[in-house]
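A short worksheet on the structure shown next.
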Amino acid sequence: MSLISQNARSKNETKREDINEKEVEDGRESDIDTLEVKKRKRDDEKEEQLAKEQVKAMKKLENFLFGSLYSPLEFGKGDDDEVDAEASDLFFTDRSADSVLTGYQEDADFSDNDDALQRKPVWVDEEEEKVTVNIASVNRLRKLRKEEDEKLISGSEYVARLRAQHVKLNRGTDWAQFDSGSKMDESSDDELTDNENKAVVSRGYENEDLKDILRTNEDLVVKSSSKLLPGHIEYSRLVDANIQDPSNSVINSVQFHRNGQLLLAGGLDRKLRFFQIDGKRNTKLESIFLEDCPIRKASFLPDGSQVIISGRRKFFYSLDLVKASVDKIGPLLGRDEKSLEVFEVSPDSQMIAFVGNEGYILLVSTKSKQLVGTLKMNGSVRSLAFTEDGQRLLSAGDGQRLLSAGGDGHVYHWDMRTRTCMHKAVDEGCLNGTALCTSPVGTHFAAGSESGIVNIYNSEEFLGGKRKPIKTIDNLSTTVNFMKFNHDSQILAICSTMKKRSLKLIHIPSYTVFSNWPHPNSSLQYPRCIDFSPRGGFMAVGNSAGKVLLYKLHHYDHA
């Protein structure tokens, strides 16, 4: 047997040695892990003990500082829960603010009877009597002197004078004190105290109605009709008025019914549509198709019973809303006008004035639908506007008036009672008048021209001979085609159909344009017509894209 074979170990012995080595190594590792676990436990116990000691120290300090204020005094506890008596004497609650003021009471305007109402102080500092303060050495303390040569005062007197000076300068805190009603100076000539309401009331106004007002937090003033402020107008875009049936052609006419809920819209697609306006759904109620008349203008009679519809035709239509019937009227007897597209309805619903040829104004009765008279201007007629019935612009006895303007640059005032021209004057700077509009109250009228200038006149001054307009608006650069006052004459809308977003809103009391209208990114397109709801809450704008845009004016609460 060779040497190698004699010294060689068996496979079993080798395996046993490997297993023993592994067990020794595993035992060493387990001992190390055990030591580490024990060490972590000791560290955790130390941290917990330290945290408990810190919490206990914080609670002790908290009780030491604030225990007398926030927790009731308890007996029978251990030493850890007790506060050192000597240390607690160092901390106290100063309630001397409610003590009786001394030495300076006359400056605080309190009566002598207040002593009985004041609560006794809980604690009195004896050192205040020993301390002296020189109130003459510091400039800000000299106001506390009662006499000019007074210098040294005691500490308690100094504190009392400071408190009295504070009360004297800050009377508004009397309401926070007990029995504040009895602390007012009864000799005051300017104010009285309402003991029941704890309120200060001026003399002459102490009555039962005022007591009722002071018992509630409701608004003392309820606005019924407030003034619209210039500069910016608050508005929001609502759902389009004709969202349920938009037009595929130009919208030439929009108008609200007198009830504020019904809106008509008509255009060149020969359809007259009616919508119920609520700002959310705007339900379509009805539509009428006129086969031979593209609609140029449609208007309710002021009494709301009929709708007059006209186009570039010799005839016009009358829609009776009560009978639900449509009547075709014309041509007018004795007239050869080929177009009756421009007209105005009188405020009393008795007369329709059409623009005729060669300066003629055609007057048609709303009952018989027959021509009852004509008026003649020197130049051509371009626009008409009625004043409100019964407005007295000059003197007693004046009745309804019709205004007209046209190619000669003059504004005519017609007396509808005698059917004669009562006044004629030049519209300043105007060569060709294109639009007229009168305010609902009859105090103002606006005249637009081909150059884009709008002149605003006071009606009474204009008829009295004053030719100068109150204000000239030059914010439009193209022909003024349409103008409209709102119901309270605080807003005037002017528009031109020849330019995009060419619609301006004018604040009439200040005669300035609202700077935030229209929005640069608005979808006005080419505006064609505009109308305000009877109470001003809604504004409808018809454009060339066949939409009737609807806006809410937040200043007005109702439609």
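Computed from backbone phi with θ = phi - 60° and the Karplus coefficients 6.51, -1.76 and 1.60, the 3J(HN,Hα) list for the range 150-163 is 6, 10, 9, 9, 6, x, 5, 5, 4, 4, 5, 5, 5, 5 Hz; x is used for glycine and proline. A Förster radius of 45 Å combined with the Cβ-Cβ distance from V322 to K468 puts the calculated FRET efficiency at roughly 0.45.
Determine the shape class of the range 316-429: with a ≥ b ≥ c the square roots of the Cα gyration tensor eigenvalues, call it rounded for a/c under 1.5, and otherwise prolate if a/b is greater than b/c, oblate otherwise. Oblate, because a/c is 1.5 or more while a/b does not exceed b/c. Largest accessible area first, the residues Y360, Y412 order themselves as Y360, Y412 under a 1.4 Å probe with ligands, DNA and RNA left out.
Within the full protein context, the accessible area of H558 is estimated at about 100 Å² for a probe radius of 1.4 Å. Placing +1 on the Cβ of every Lys and Arg and -1 on the Cβ of every Asp and Glu, with no other charges, gives the range 403-559 a dipole of roughly 340 debye about its Cα centre.
The Cα-based radius of gyration of the range 238-352, divided by its Kirkwood radius, gives an Rg/Rh of 0.97.
Working note: Karplus 6.51/-1.76/1.60 with θ = phi - 60° gives the range 448-460 the couplings x, 10, 5, 8, x, 8, 10, 9, 10, 10, 7, 4, 5 Hz, where Gly and Pro are set to x. Take each peptide in 489-499, 273-283, count the other Cβ atoms within 10 Å of every residue, and average; sorted highest first, the result is 489-499, 273-283.
Here the Karplus relation 6.51 cos²θ - 1.76 cosθ + 1.60, evaluated at θ = phi - 60°, turns the backbone of the range 362-367 into coupling constants of 9, 9, 10, 6, 6, 7 Hz, with x for every Gly and Pro.
Once the chain from Q525 to V131 is taken as fully extended at 0.36 nm per residue, the excess over their C-alpha distance is 133.4 nm. Projecting the Cα positions of A324, F300, I288 onto the charge dipole of the range 280-356 (unit charges on Cβ atoms of Lys, Arg, Asp and Glu, taken about the Cα centre) puts I288 furthest along the positive direction. The charge dipole of the range 397-448, taken about the Cα centre with unit charges on the Cβ atoms of Lys, Arg (+1) and Asp, Glu (-1), comes to about 200 debye, rounded to the nearest 20.
Leaving out ligands, DNA and RNA, what percent of the accessible area of the range 229-294 is carbon and sulfur, probe 1.4 Å? For the range 229-294, the apolar C and S fraction of the accessible surface comes to 48 percent. Taking amide H as placed 1.01 Å from N in the peptide plane, the amide H of S253 sits under 5 Å from that of G266, each at least 5 places away or on another chain.
Per residue, the average separation of C-alpha pairs within less than 8 Å and at least 6 apart gives the range 401-502 a relative contact order of 20 percent.
Taking the 1.4 Å solvent-accessible surface of the range 468-559 as the whole, the part contributed by carbon and sulfur is 46%.
Within the full protein context, the accessible area of E48 is estimated at about 110 Å² for a probe radius of 1.4 Å.
Peptides 526-539, 292-305 ordered by packing proxy, namely the average of other Cβ atoms within 10 Å per residue, highest first: 526-539, 292-305. Selection among N432, A405, S449 by position relative to the dipole of the range 342-459 gives A405 as farthest towards the positive end (Cβ unit charges, Cα centre). Average accessible surface for the range 394-499: 38 Å² per residue, computed with a 1.4 Å probe over protein heavy atoms with every protein chain in place. In terms of its C-alpha gyration tensor, the range 488-559 comes out oblate, because a/c is 1.5 or above while a/b does not outweigh b/c.
Across the protein chains, with a 1.4 Å probe defining accessible surface, the residues K323, K56 rank K323, K56 from largest area downward. Derived from the Cα gyration tensor, the three semi-axes of the equivalent ellipsoid of the range 398-473 are 19, 14, 11 Å, largest first.
A 1.4 Å probe run over the protein chains yields, for the range 291-389, 44 Å² of accessible area per residue, whole-number rounding. Heavy-atom surface analysis with a 1.4 Å probe gives the range 324-436 a carbon and sulfur content of 47 percent of its accessible area.
The values are calculated or read from the model by the stated rules, or taken from the named source; none is laboratory data. What you see is a predicted model, and the numbers here were worked out from it, not measured in a lab. So basically every Cβ, Gly included, is an ideal-geometry build from the backbone, and we count neighbours across all protein chains shown. Surface areas here come from the heavy atoms of the whole protein model, side chains and all, with no ligands, DNA or RNA. Shrake-Rupley method; radii C 1.70, N 1.55, O 1.52, S 1.80 Å.
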